[in-house]
Amino acid sequence: MSSNYNITSFCHIKNHQVSLNGTVVFSEQHVGFSEFIKAAYKHQKTNYPKFFKMDHLSKLAFLAADILLKNLKLDSEKENNIALVFSNKAASLDTDISHQKAIQHKDNYFPSPAVFVYTLPNICLGEISIKYKLYTENSFFIFERFNAEHLFSYTNSLLETNKAKSVLCGWVELEGDNYEAFLYLVSKEGHLQHNTQQITTLYNT
Amino acid sequence: MIKAYLSYNNIISSLGFNSESVVKNIHNEVSGLQLIKDNKALPEPFYSALIDSEALEKAFLKLQPKTDYTRLEKMMITSLNEVLQSSKIKLNDRVGLIVSTTKGNIDALDKNNPFPKERAYLSELGKNIQEFFKFENEAIVVSNACVSGILSVAIAKRYIQQNTYDHVFIVSGDVVTEFILSGFNSFQALSQEPCKPYDKNRTGINIGEVAASILVTKSSENLAKEAVEILGESSCNDANHISGPSRTGEGLYRSIKLALDQANLTAQEIDYISAHGTATMFNDEMEAIAFNRMQLQKVPLNSLKGYFGHTLGASGLLETIVGMHSLYNNTLYVSKGFDTIGVTKPINVITKTTSRELKTFLKTASGFGGCNTAIILKKSNQTKNHV
């Protein structure tokens, strides 16, 4: 299956590396996720203090999205109709475990709203929407593994029904020190045709 | 354009185990909310609407399960089974499955829970439902906070109009857990009394539990008597705050506007609004602002949270199903818990259950992460006349 749209750009964050359109732009070996993502944020000169209060899943998703979106040089005065369609396997399990720890023992009971709010996978979509003023379609799906067919078909439906001009979509998985982000932007621009084969190939690079 | 209908449906709840008995209880203004004293769930007593465990066990065992299932899975399977049976649709590769939930089997993370913590993966929940009924397609799990239930309806419609599926079954559900109660309590969002959506004296939400299921189909044949056509849908983010609603109702306003545009209807053509109405100060105020911006302030509106509490990822589908029955019965149901208007913009909250001819309704929801969804539904054909 194919469509009239292209994959404009794509970003990976995995194996201690950040890459944009297949080229490594940052690498920091031998550190855990927390230090790695902070170093990547600094290297990318992201300069967005709200980043530091985000949970790990949001940091991962936010940084990958930011690398692609800032590359578009969007006009912040204008509205950008970019929909967000994200997916993963573990949902917000990483932060769910933190909240569970805070309530497990009654003699050490400390649930916090700042943690609890991140026990929803779609919060990372909210974080990206706030930074880029995206008053757009947001959906978060859970699958056993990366599902190119679903992302392809759902993204096409948003574009073909004019619900969005472009769609930022992909996979953002995080559990402990295991993390993997693969986000790509689908629009009229670019040379890589938007189809499931292409999505799968890019995911595996 | 391919049409998409909402047809056979079921609700498993504190107010009954099928949609008709639930709606009958709503007609009689019976609420499922009760004061619960369970210090394992929350140190202080709280109001909730819980499903009767014995009745659930009895209904579920009739399906002859071959292995152990969690409470949520029992609710979802029992509910979806009813819809599969009444629809008589054979499962093949043209039939999709959507599972909508915010927290799924989150109670499996608790060390005292008999299930392994791997059960908390939402993909496991999807797989268990899929395998129980032997759906050919993998379950699509939607977890988008409190809009999950109605977002699933929008997603099913898109899949049908993309010609990916002919029929989509949606099952949605969440359970009342210590995980959820402690979290909302840490936000100081829980009410110490039955919730009072839009009321001047509202003090917050109650958490409740249901499972709700529905068939979404492109076929206009063999529809349920209360079936509706999905005319429009839209989802828009507030781009404002992750845990507080927008002061201007921006995302909700846009969602309603775009859903109306797609439906090719004006605000004046909406007969009823099934709103979100969680009974927090900020949410209800935000909705009133958005409805006014859309010129919907005179349309009769209710929140069903006074009957079920907030049932999270299931609430949107639950309330859509009640809305379908409301249309079929040509009856506006009282917004339980409401007495005196407590929002700064005028809205027309239903204060008395009333017979009135109804053709179309708007269902809305909003949630954490700044998400909002609106869908517009129209009675499909048959009407029951007792106006």
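Of note:
- Options A:149, A:175, A:160; residue that is in contact with an Asp or Glu (Cβ under 9 Å, 6 or more places away or on another chain) and surrounded by fewer than 24 Cβ atoms within 10 Å (Cβ to Cβ): A:175
- Boolean, residue A:49 is farther than 21 Å from residue A:169 by Cβ, more than 16 Å from the chain's Cα centre (by Cα) and at the interface with chain B (Cβ under 10 Å from one of its Cβ atoms): no
- Residue list for the range A:117-137, filter: facing chain B (nearest Cβ under 7 Å), open to solvent by 10 Å² or more (accessible area, probe 1.4 Å) and not in a loop (DSSP other than H, G, I, E, B): A:130
- Hey, residue B:355 surrounded by fewer than 21 Cβ atoms within 10 Å (Cβ to Cβ) and of a type in the set (Gly, Ala, Ser) or not: yes
- Members of the range A:99-116 found to be crowded, with 18+ Cβ neighbours inside 10 Å and either in a strand (DSSP E or B) or in contact (Cβ under 8 Å) with a residue 24 or more places away in the chain (or both), listed by number: A:115
- Any chance residue B:131 is assigned by TED's automatic domain parsing to the domain that holds residue B:107 and free of Cβ contacts under 8 Å to residues at least 24 places away in the same chain: yes
- Test: residue in the range A:57-67 that is open to solvent by 20 Å² or more (accessible area, probe 1.4 Å) and among the hydrophobic types (A, V, I, L, M, F, W, C): no
- Test for residue B:113: is it surrounded by fewer than 24 Cβ atoms within 10 Å (Cβ to Cβ), under 26 Å from residue A:138 (Cα atoms) and more than 9 Å from chain A (Cβ to nearest Cβ): no
- Unique residue being within 13 Å of chain A (Cβ to nearest Cβ), surrounded by 24 or more Cβ atoms within 10 Å (Cβ to Cβ) and at positive phi when the list is B:277, B:337, B:249, B:309: B:249
- When residues in the range B:96-145 are screened for being part of a loop (DSSP other than H, G, I, E, B) and on the phi > 0 side of the Ramachandran plot, 2 of them pass.
- Here the strands (runs of 3 or more DSSP E) wholly within the range B:292-387 that include at least 2 residues being among the charged types (D, E, K, R) and out of contact with any His (no Cβ under 7 Å at 6 or more places or on another chain) are B:371-379.
- Any hit, the range B:86-94, residues being open to solvent by less than 10 Å² (accessible area, probe 1.4 Å), in a helix (DSSP H, G or I), at the interface with chain A (Cβ under 10 Å from one of its Cβ atoms) and hydroxyl-bearing (Ser, Thr, Tyr): no
- Any chance residue B:302 is under 26 Å from residue B:250 (Cα atoms), more than 12 Å from the chain's Cα centre (by Cα) and not hydroxyl-bearing (Ser, Thr, Tyr): yes
The values are calculated or read from the model by the stated rules, or taken from the named source; none is laboratory data. All of these numbers come straight from a predicted model, not from anything done at the bench. All Cβ positions, glycine included, derive from the backbone under ideal geometry; neighbour counts span all protein chains shown. Ligands, DNA and RNA are stripped out before the accessible areas are found, and what is left, the full protein with its side chains, is counted by its heavy atoms. Shrake-Rupley method; radii C 1.70, N 1.55, O 1.52, S 1.80 Å.
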